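First up is the structure itself, then whatever we jot down about it.
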Amino acid sequence: MNTYFRAAASLSLKRYRLVNRHGWQPGELCFMHGRHAIKPETITEVHGMIPAASYNPSPGIDARGSLDEWKEKVLKHATGDMQKLAVWIGLSSCLLPLLNEKGIIYHFYGQSSVGKTALLQLGASVNGNSGEPGSGESLIESWNTTPNALEMTLEQRNHITALIDELGVYKGPKMGDAIYALANGKGKQRMSGETLKNVEPASWSLNIISSGEISMQERLRDGGEKVE
């Protein structure tokens, strides 16, 4: 039996990383995109990445079709400056940790039927499902939600661009606090209902594309908040 264990211990076993969090993995140039692991061939110490039981990315993060198909069906039609900007922002979030930069909220606003949702769909198309907001597994969320739900969504999309539609329907508490928290990349401290101990707050590093018929300044003023 001892001989068996010594022989087993001498085997050259493949090493896998257990993934608990979406996006770049600590200490290595490996990226978890939804359920798909992205790793350069030059990294030989890690054979692959396996999602942990607690790993919970947004289901809309997915790869379908080919790059050439996306170029033909999507990028080819993004000819305007704002459309190109939406694509660039959609691609930009994975660079933030590499550049040691914080995320930015880009807010597109204007009257209805001017293509604001289409800009969000362009930004979403580089990372997965870009269907109508609220439809199925679309990556486009609605501002009609709670701050807690938004925090959870952003943590699930760590290192890819988040998209939030229709600012005017936000019903949560102070809009200014919500905007600050989203841009700051860290949620509120909370207590576990089971252990009664503080749990690690949600965190994320990403850019956000928002849309609405009014500007963020107008929304803050409408809610009686101070705009500096």
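Do we find that Ala124 is aliphatic (A, V, I, L, M), within 17 Å of Trp88 (Cβ to Cβ) and open to solvent by less than 20 Å² (accessible area, probe 1.4 Å) in this structure? Don't jump to the end; show me each part of the working.
Details: aliphatic (A, V, I, L, M): yes; within 17 Å of Trp88 (Cβ to Cβ): yes; open to solvent by less than 20 Å² (accessible area, probe 1.4 Å): yes.
Yes.
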Tell me, which residue of the range 1-17 that is polar (S, T, N, Q) and open to solvent by less than 100 Å² (accessible area, probe 1.4 Å) is nearest to the chain's Cα centre (by Cα)? Ser10
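Among the candidates Leu85, Leu98, Leu119, single out the residue that is open to solvent by 80 Å² or more (accessible area, probe 1.4 Å) and within 25 Å of Gln156 (Cα to Cα).
On the way: Leu85 fails: open to solvent by 80 Å² or more (accessible area, probe 1.4 Å); Leu119 fails: open to solvent by 80 Å² or more (accessible area, probe 1.4 Å).
Of Leu85, Leu98, Leu119, the one residue that is open to solvent by 80 Å² or more (accessible area, probe 1.4 Å) and within 25 Å of Gln156 (Cα to Cα) is Leu98.
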Going through Ala181, Ala162 one at a time, which residue ends up being touching a Pro at 6+ places or on another chain (Cβ under 9 Å) and open to solvent by less than 40 Å² (accessible area, probe 1.4 Å)? Ala181
Can you tell me how many residues within the range 212-228 are closer than 17 Å to Gly172 by Cβ, open to solvent by less than 40 Å² (accessible area, probe 1.4 Å) and of a type outside the set (D, E, K, R)? 3
Residues to consider are Gly65, Gly80; find the one that is farther than 30 Å from Glu213 by Cβ and either surrounded by 12 or more Cβ atoms within 10 Å (Cβ to Cβ) or not hydrophobic (A, V, I, L, M, F, W, C) (or both). Gly65
Looking at the structure I just gave you, is Gly172 open to solvent by less than 70 Å² (accessible area, probe 1.4 Å) and touching a Pro at 6+ places or on another chain (Cβ under 7 Å)? yes
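The values are calculated or read from the model by the stated rules, or taken from the named source; none is laboratory data. Because the structure is predicted, anything quoted here is derived from the model rather than measured. A quick note on method: Cβ atoms are made from the backbone with ideal geometry, for glycine too, and the neighbour counts reach across all protein chains shown. With ligands, DNA and RNA removed, areas are computed over all heavy atoms of the protein, side chains included. Shrake-Rupley method; radii C 1.70, N 1.55, O 1.52, S 1.80 Å.
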